[in-house]
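Read-outs: derived from the displayed coordinates by stated rules, not from any lab. Predicted model only: the values in this text are computed from it and were never measured. All Cβ positions, even for glycine, are placed from backbone atoms using ideal geometry, and neighbour counts span all protein chains on display.
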Amino acid sequence: MISFREFVQAFRQAGLSSEHPVIVHASLSSVGEIRGGAETVLGALLSISRGVLAPTFTYKTMIVPEVGPEHNAMQYGTGKDQNRMAEFFRPDMPSDPLMGALPEAVRCHPNAHRSNHPILSFAGINLDDALQAQTIEDPFAPIGVLAAQGGLVLLIGVDHTVNTSLHYAERLAGRKQFVRWALTPQGVRECPGFSGCSDGFEQAAVEWAPFTRVAQVGGAAVRAIPLAPMLEAITSMIRRQPLALLCSKGAERCEEVARQEAARQEVAGLEVAGAAGATPVETPTAAPETQAVEMLEPKEMADMAPADDMPEIDENIEQDPAAETPPASKEARKTRPLPELHDYDETPGESN
Ligand SMILES: [Zn+2]
């Protein structure tokens with residue numbers, strides 16, 4: 001049984017202190033048997049860090065529309081089954097089971113707040129300023145606030161393929177972002193600023209090795225990386241090598257980034273050669289004016305009655321109001337066709 005004390009010791013060794021807030025990603029099953037489970041790990045984190053942030057993403061709110069913008073790495077009109085099983089976002093919705101047990105422990109902590117992005121919400125303790133920075137267009141903004149505060153990324157038994165903060169670096173570097181859609185009680189919400197695929201993120205571990213501190217707890221490595229230098233290294237890496245960190249699994253979003261880069265280079269080549277008539281190519285545009293995502297106080301969350309008169313929803317979207325919260329079993333969720341899921345921050349094998 002791994003104890004609270006062992007976690008505190010490992011976290012100290014990894015460089016955590018009361019000066020630094022942390023964003024944490026963990027596969028607790030890789031640690032071994034933990035006395036007190038996820039709450040023990042969170043307690044240890046809170047005892048020595050300035051604040052704790054965790055992604056509490058909710059992929060089951062996602063729907064696939066019939067039509068949408070081009071070059072968005074999405075097969076429109078193919079989400080009939082997924083759309084039927086999609087759930088409306090609620091502030092008290094549990095995070096996706098793939099996120100693991102620790103984000104849920106953060107979300108359920110009495111002092112926690114949660115941002116209300118319908119897909120990419122974060123839960124945090126003592127980090128309200130980071131949570132309030134999130135907007136629907138800039139979903140990873142909390143990472144920027146954490147970086148400015150001397151924050152660390154903490155990986156417990158997981159690698160950089162779950163390191164959400166790297167998505168923020170991709171955005172800073174001007175990499176292609178995507179649009180996704182989520183069911184909310186107010187209707188279908190367009191969510192721009194959606195990240196690319198993270199399957200290739202471990203490739204650049206060498207870039208941040210110099211400032212990574214490593215410790216061990218039970219069967220798991222604990223790695224802590226200061227956010228600011230990591231973001232700087234990765235942003236400049238992507239600017240130098242526009243295809244850096246893409247995976248080779250044929251994932252749609254990685255292929256779209258590569259396609260766009262190839263087109264950009266072709267145009268640049270034509271311009272250099274002085275050739276006329278080059279066709280304009282879509283380039284990443286500046287983020288539109290931001291729209292604040294409100295943060296709910298725990299009390300407000302409790303007060304929020306489920307909306308019984310659902311507003312009209314895009315008629316293109318197949319929906320069944322009666323299925324607002326289908327008690328989909330874990331099994332059903334696993335077998336549900338969600339081709340995007342494997343691309344996000346997973347914590348495989350997490351069960352406790
Ligand atoms: Zn990929």
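Computed FRET efficiency, Cβ-Cβ of residue 81 and residue 5, R0 35 Å: what is it to the nearest 0.05?
0.15
Measuring from label point to label point, each 7 Å out along Cα→Cβ, what is the residue 255 to residue 17 span in nm?
Placing both labels 7 Å beyond Cα along the Cβ direction yields 4.9 nm.
Treating only the Cβ of Lys, Arg, Asp and Glu as charged (+1, +1, -1, -1), what charge dipole size does the range 1-120 show about its Cα centre? Round to the nearest 20 debye.
It comes to approximately 260 debye.
Can you give me the long-range amide H partners of residue 191? Hydrogens built in the peptide plane at 1.01 Å from N, cutoff under 5 Å, separation of 5 or more residues or another chain.
180, 181, 182
Could you derive backbone 3J(HN,Hα) for the range 220-228 from the dihedral phi with the Karplus parameters 6.51, -1.76 and 1.60 (θ = phi - 60°), listing whole Hz in sequence and x where the residue is Gly or Pro?
Per residue, the Karplus-derived 3J(HN,Hα) values read 10, 7, 10, 10, 10, 10, x, 4, 4 Hz.
At 0.36 nm per residue, minus the direct Cα-Cα distance, what do residue 265 and residue 232 gain on full extension? Give it in nm, one decimal, please.
Length gained between residue 265 and residue 232: 9.5 nm.
Taking amide H atoms as placed 1.01 Å from N in the peptide plane, list the residues 5 or more away in sequence, or in a different chain, whose amide H sits under 5 Å from that of residue 2.
For residue 2, the qualifying residues are 33, 34, 35.
What does the charge dipole of the range 191-281 about its Cα centre add up to, to the nearest 20 debye, if the Cβ of each Lys and Arg holds +1 and the Cβ of each Asp and Glu holds -1?
Charge dipole of the range 191-281: 260 debye, to the nearest 20.
In percent, how large is the relative contact order of the range 1-132, given Cα pairs closer than 8 Å and 6 or more residues apart?
Result for the range 1-132 is 28 percent.
Taking amide hydrogens as modeled 1.01 Å from N in the peptide plane, which residues meet the under 5 Å criterion relative to residue 152, leaving out close sequence neighbours?
Long-range HN contacts for residue 152: 22, 23, 227.
If the only charges are +1 at each Lys and Arg Cβ and -1 at each Asp and Glu Cβ, what is the size of the charge dipole of the range 174-219 around the Cα centre, to the nearest 20 debye?
160 debye
At residue 211 and residue 273, where each label point lies 7 Å from the Cα along Cα→Cβ, what is the point-to-point distance in nanometres?
4.1 nm
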